Amino acid sequence: MSAPDENNKSSHTQLASHFFSELLDSVIMDVASESHRIARLGLDRNLDDEEEELRLSAQARARLADPSNSEANSKYVVDIFGQTHPPVASEIFDCMNCGRSIVAGRFAPHLEKCMGKGRKARVKATRSSTAAAQNRIGRNTIKHRRIRRH
Amino acid sequence: MRASIKRPPTPDAEDEDQDREPTLPEIINIKLIESGEKERLKELLRERLIECGWKDEMKSLCRSFTRKKGRSNVTVDDLVHLITPKGRAAVPDSVKAELLQRIRSFLQSAAL
């Protein structure tokens, strides 16, 4: 009984190896064919360029992170047209809300105050603290009611 | 290899001394294909070889070979000869074991 089983096993192993090799060679053939196509069509050109770009952007990031660079360069950054810009926008124009002459670089903080006029600035803080207090009171009342029912 | 494209003459019925009985591997191959198992096994193998980075390795070898030999000079044959020995050696043992196990199960279930 055991002898034919052993024969079976070893022939199974052999056959399995044979078919595995066949499958593997088939996959290898597919990969070679795919790579050949990519090579002939120049599709890997982008890959090389991408690798190059990744390297360059990593380099650029490293340069930015380097503290010795930032102070000197940030005020004189050059854009793609070769123009440099001063750090604070210095143009002066009239605010459309209140009509005053405002420096562009100070316009945003000006608007914050300017558009809140008619009430005090920072009304939001008051509202939220009142709301929190009312919530607390409301919750206690509900608890009371529940207790009375029982 | 013949230079002519003419087909060789069909063997006559006299050529009976040729073994017409399909061999065991041939029988199994037919069963594998007909049941769809061969396709599934190949897909499994492909998937595992991608997961473990084997395919990337092979493609990288092909790219560096292409750079050296020149894009227009590379043939499929070149690449096959390049990656076959390395490809066979680079298959992870776990992947090989998994596939062999699947194939053996099939052989057992096919009652051979």
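The values are calculated or read from the model by the stated rules, or taken from the named source; none is laboratory data. Small disclaimer: the values here were computed from a predicted structure and weren't measured. Glycine also receives a Cβ, built like all others from the backbone with ideal geometry; neighbour counts cover every protein chain displayed.
Selection of the range A:75-133 for residues being touching a helix residue (DSSP H, G or I) at 6+ places or on another chain (Cβ under 9 Å) and modelled with pLDDT of 75 or more yields A:Ala89, A:Ser90, A:Glu91, A:Ile92, A:Phe93, A:Cys95, A:Asn97, A:Cys98, A:Arg100, A:Ile102, A:Val103, A:Gly116.
Got a number for residues in the range B:63-111 being surrounded by 14 or more Cβ atoms within 10 Å (Cβ to Cβ), under 30 Å from A:Glu6 (Cβ atoms) and facing another protein chain (nearest Cβ under 8 Å)? Going through the range B:63-111 one residue at a time, the tally reaches 7.
Within the range B:49-62, the set of residues being facing chain A (nearest Cβ under 10 Å) and touching a Ser or Thr at 6+ places or on another chain (Cβ under 9 Å) comprises B:Met58, B:Lys59, B:Leu61, B:Cys62. Being in contact with a Ser or Thr (Cβ under 8 Å, 6 or more places away or on another chain) and at pLDDT 80 or above is a property that holds for A:Arg40. Are any of the residues in the range B:24-35 within 7 Å of chain A (Cβ to nearest Cβ) and surrounded by fewer than 17 Cβ atoms within 10 Å (Cβ to Cβ)? Within the range B:24-35, one or more residues are within 7 Å of chain A (Cβ to nearest Cβ) and surrounded by fewer than 17 Cβ atoms within 10 Å (Cβ to Cβ).
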